[in-house]
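The values are calculated or read from the model by the stated rules, or taken from the named source; none is laboratory data. Computed from a predicted structure; not experimentally measured. Cβ coordinates were reconstructed from backbone atoms using ideal geometry, including for glycine residues, and neighbour counts include every protein chain displayed.
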Amino acid sequence: MLREMREKLGREIQELTYELKVTLPKAIGVALEMGDLRENSEYKAALERQQFVQARLGHLSQRLSQMSLMPTSGAAKDRAGLGSMITVVDTETQEEDVYTLVLAELMDVDAGHISLASPLGQALRDRKVGEEVELRLPHTTRHLRITKLEIPEENEG
């Protein structure tokens, strides 16, 4: 999971670096050739994009640095953590759901990928099969029981 995330961030950093060093300077150059910069929307848009790309690169680099400090092995084999696939049953409705705990950048609710930082991710983190968790939502409270837990091999120590 961490390797996949590092690769994804690395690809985005490469793409944004190329845009910052090649694409945007060309766009700014073309806009400069158009003349009066006070009313040149292309120039303003290129500068705004340049600022956004610089900020995004800073954020991605910081995130990649933080990820290098995360352990890639040694996680508990019986507790939910990064990359764990967790099957839960709502104790009231008996509805079953399957979630995978991921980093925020990989979150995809439709695929069942939830961030460790989300309320549900925090409620499920470090839990074992058979444990019940209480998930407080704005308009209700759900009680979930963990019925199955799959730990990714890279997390097994």
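Miscellaneous remarks
- Among the residues of segment 126-157, just one is modelled with pLDDT of 90 or more, crowded, with 16+ Cβ neighbours inside 10 Å and part of a loop (DSSP other than H, G, I, E, B), namely 127.
- None of 91, 87, 72 is at pLDDT below 85 and of a type in the set (Ser, Thr, Tyr) except 72.
- Considering residues of segment 92-103 that are exposed (fewer than 14 other Cβ atoms within 10 Å of the Cβ) and assigned to a loop (DSSP other than H, G, I, E, B) only, the residue nearest to the chain's Cα centre (by Cα): 95
- Residue 17 without any contact (Cβ under 8 Å) to a residue 12 or more places away in the chain and part of a helix (DSSP H, G or I): no
- Residue match in segment 87-102 (condition: touching a Ser or Thr at 6+ places or on another chain (Cβ under 6 Å) and among the polar types (S, T, N, Q)): yes
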